[in-house]
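Written below as C-alpha cells is the structure these notes are about.
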Amino acid sequence: MGTCEEAWSFYICAEIFLTLSPLGERVARDPDALHRDAGRVRGSRVIRASMVVTYAQAISIVQERIGQANPMPAVETVSLEEVRGRVLAEDVVADRDLPPFHRAIRDGYALRAADLSALPAVLQCVGEVPAGQHFEGKVDPGQCVSIMTGAPLPVGADAVVMVEYTRSLGEQIEIQRSVQRWENVVLQGSEAALGACVLARGRRLRAAEMGLLAAVGKVRVAVYRQPMVAILPTGDELVAVEQRPQWFQIRNSNAVTLSAQVTAAGGVPVGLGIAPDREDALREMIERGLDSDLLLLSGGVSMGKFDLVEEVLAELGAEFFFQGAAIRPGKPLVFGRVRDRFFFGLPGNPVSTFVTFELFVRPAIAMLGGTGFEPPVLLRARLAKPCRQTSGLTMFMPARVCVQNRDPVVELVNWQGSGDLVGAAAANCFLVVHPDQTELAAGDWVDVMPKEQ
Ligand code: AMP
Ligand code: MG
C-alpha cells in the first residue's frame with residue numbers, strides 16, 4: 001500500500017526540530033496573542049516554536065490582517081480590450097433591457113399559443129422575420145410568421161414553434177405540436193432590466209465578464225491598479241536561469257514560477273534578482289522590495305544556519321502574524337508586515353513555494369487588488385489507492401484527477417517530495433489530506449485542489 005508519508009521521509013529531521021512540545025502547544029489559537037509574543041521576542045528561532053498555526057488559522061489570519069488594512073487601490077480607466085484579469089472599480093449597469101426585445105431562441109414560426117388547442121393546426125403564414133430585422137405588422141388569431149433565432153417576436157405572437165414540428169403547405173403552415181405561452185422566447189429585460197447592475201465593483205473580469213461589458217456598450221472601464229509584487233529569491237546556491245550552473249549550484253526556478261503565479265493572480269511581478277545568504281545584502285534587497293505593495297521572499301526561512309530571512313525582517317521591525325503553518329509542503333511559511341507592507345517568506349523548495357503561493361499569496365494579492373477574499377477552491381474526487389498519514393498536518397500532494405465510470409478519481413503522482421518539480425509538473429491537482437484523515441481507503445471521497453485556481 002502506498003502511504004502518503006513515504007514521500008515525506010526526508011522531512012523527519014525538520015519534524016524533530018519542531019516537535020519540542022506536542023503539536024497542540026505549537027499551534028497558536030489567538031492571532032493577537034501571537035502578535036504580542038512576536039513583539040516581545042527577537043530572533044526567529046525563538047519565536048517559531050509558538051507561532052505555527054493550522055491551515056485554517058493561517059488562511060483566516062491572512063484574510064483578517066489584509067482585510068483590517070482595508071487596501072483601497074487607486075482607480076484607472078482602461079479600454080475594454082485591456083481589462084482581462086483586471087478588477088472592476090465601478091458598478092456597471094445595463095444601458096438597455098437585456099434582451100432588448102422578446103427574443104426568439106429557435107428557428108420556426110411565431111404564433112399565438114392559444115391557436116394550437118387542436119392538432120395539427122393550420123395557420124396562415126403572413127411574413128418572415130430574420131435576425132437583425134423586425135416584423136412591421138401584427139400576428140392575428142389563425143396567423144403565424146416565419147422567424148429565425150435572434151429575431152424580435154412580432155406583436156401579437158406569444159410563442160415560437162420549432163420548424164422541426166411544422167410542415168409547409170405553401171401559404172399555410174401545418175403545426176404538429178402545441179407550445180406553452182412564451183415557449184422558445186426570452187422576454188425583454190428578463191436577463192437584466194435597463195439600469196440594473198450587471199457587474200458589481202470588485203469583480204474580476206475574464207472572458208464572460210468582458211462579453212457582458214461589450215453587450216452593455218462599456219468600452220472604457222474603471223479598474224483598480226494592480227498590486228506590485230516584489231519577488232526576492234534567496235540562497236547562495238542560486239544562479240540565474242540563463243547561466244550554466246556549476247554542479248553544486250541550482251537554477252533560480254522559483255522566480256519564474258512566482259512571476260507566472262503573480263501574473264495569474266492579477267498582480268504585477270517585480271523581479272529583484274537573487275539575494276545571497278548574507279545579512280547586509282539581504283537587508284538591502286528587502287528594503288528595495290518594500291517599495292512594492294507586497295514582498296515575496298523564497299528560501300531562507302527554515303532552521304539552517306544561513307536561513308536569515310526572519311532575523312533580517314525582525315531587525316527591520318517586522319510584525320510576524322505566523323511563522324509556520326501545519327501543512328506539507330510549506331511548513332516554514334512566514335507571514336507578516338513591515339513598514340505597512342505585507343510580506344510572505346515562502347519556503348525555498350520549489351513545490352513548497354508553488355503550493356504556499358496558491359494557498360495564501362493568491363488570495364492576498366486578490367484582496368490587495370480590490371476583490372474580496374477568495375480562498376482556494378476544493379473539489380471532491382474518489383481516491384484511487386489507500387492512503388495513510390499520521391503527521392497531524394494538512395497535506396497537499398501532487399496528484400492527477402481523471403474521470404473513471406463518470407466519477408472523478410484521484411491518484412498521487414510519483415514524486416520525491418517538496419523539491420520535486422518534475423512530479424509537481426506531472427500533476428493536475430493536489431490531493432488534500434486533512435490532519436484527522438489518518439486512514440483513507442480506495443474509493444473514499446476526498447478533497448482535491450486544482451493545480452492553478
Ligand atoms: P531553503 O528554504 O532556503 O532552505 O531552500 C530549500 C531548498 O530549495 C534548497 O534545496 C534550495 O536549493 C531550494 N531553493 C531555494 N530557493 C530556490 C529557488 N529560487 N529556485 C529553486 N530552488 C530553490
Ligand atoms: Mg536557502
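Values quoted throughout were computed directly from the atomic coordinates according to the rules given, and no laboratory measurement underlies them. Given the structure is predicted, the values throughout are model-derived calculations rather than measurements. Note: ideal-geometry Cβ built from the backbone for every residue, glycine included; neighbour counts use all protein chains shown.
Details
- Nearest-0.05 FRET efficiency for Lys138 and Arg177, computed from C-beta distance (R0 25 Å): 0.60
- Of all lysines in the structure, the ones whose alpha carbon falls short of 23 Å from that of Lys385, not counting any fewer than 8 places away in one chain, are Lys451.
- For the range 172-266, the set of chymotrypsin sites (Phe, Trp or Tyr not before Pro) satisfying both a DSSP loop assignment and a count of at most 10 other C-beta atoms within 10 Å is given as Trp247, Phe248.
- With eigenvalues of the C-alpha gyration tensor scaled by 5 and rooted, the chain, Å: 58, 27, 19
- Checking every one of the GluC sites (Glu not before Pro) in the range 139-216 against DSSP loop status and a limit of 10 other Cβ atoms within 10 Å picks out Glu171.
- Annotation for the range 313-353: trypsin sites (Lys or Arg not before Pro) lying in DSSP loop with at most 16 further Cβ atoms inside 10 Å of their Cβ are Arg339.
- A crude spin-label estimate for the pair Val239 and Gln453, with each label 7 Å from Cα along the Cβ direction, gives 3.7 nm.
- Within straight-line reach of Lys138, meaning a Cα separation under 13 Å, sit the following aspartates and glutamates at least 8 residues removed in sequence or on another chain: Glu128, Asp158.
- Helices that extend 30 Å or more along their long axis by alpha-carbon positions and average at least -1.0 on the Kyte-Doolittle scale are absent among the DSSP H runs of the chain.
- Residues Ile327, Ile147, sorted so that the one with the fewest Cβ neighbours within 10 Å comes first: Ile327, Ile147
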